[in-house]
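See below for the structure under consideration.
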Amino acid sequence: MTEPMTEQMAQHLAERLYVYYRIDPTDLAVVQAAVLGLQLTLRRAHPGLQAELLRRPDLRDGQMTLMETYALAQGVNAILAQTIESAAAESLSQWLKGPRHSERFLPLG
């Protein structure tokens, strides 16, 4: 059995960014294209950035939940997270059905 990670150990790992939000399912194709374009631009501007787009398999209240994930070897710091959010606000706001929720997490192993 491995020991739980201490806070000191966690500080040496790279933070990842997770962003989730809801859209109308009929907008999926256009939102997907917009997000993938945004992520390509971000990856070009930040070499090594890994970006992914996921969706929840079921609808909630008739809406689809999407999740963007971002990882970088040295971590996604607050400045990069804000850069991502600012870029997304410009390109995605017309399709959002509520706010984007952003959270940063540390891996535990």
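Confirm whether Arg55 is at pLDDT 95 or above, under 16 Å from Ser91 (Cβ atoms) and not aliphatic (A, V, I, L, M). No.
Considering region 88-109, and only residues there that are in contact with a strand residue (DSSP E or B) (Cβ under 6 Å, 6 or more places away or on another chain) and among the charged types (D, E, K, R), the residue that is surrounded by the fewest Cβ atoms within 10 Å (Cβ to Cβ) turns out to be Glu103. Residues of region 14-31 that are under 16 Å from the mean Cα position of the chain (by Cα) and surrounded by fewer than 15 Cβ atoms within 10 Å (Cβ to Cβ): Ala14 alone.
Return the residues of region 51-74 that are in contact (Cβ under 8 Å) with a residue 40 or more places away in the chain and either under 16 Å from Ile23 (Cβ atoms) or surrounded by fewer than 16 Cβ atoms within 10 Å (Cβ to Cβ) (or both); say none if nothing qualifies. Selection gives Gln63, Met64, Thr65, Leu66, Met67, Glu68, Ala73, Gln74.
The values are calculated or read from the model by the stated rules, or taken from the named source; none is laboratory data. Given the structure is predicted, the values throughout are model-derived calculations rather than measurements. Ideal geometry is used to build each Cβ from the backbone, glycine not excepted, and the neighbour counts take in all protein chains shown.
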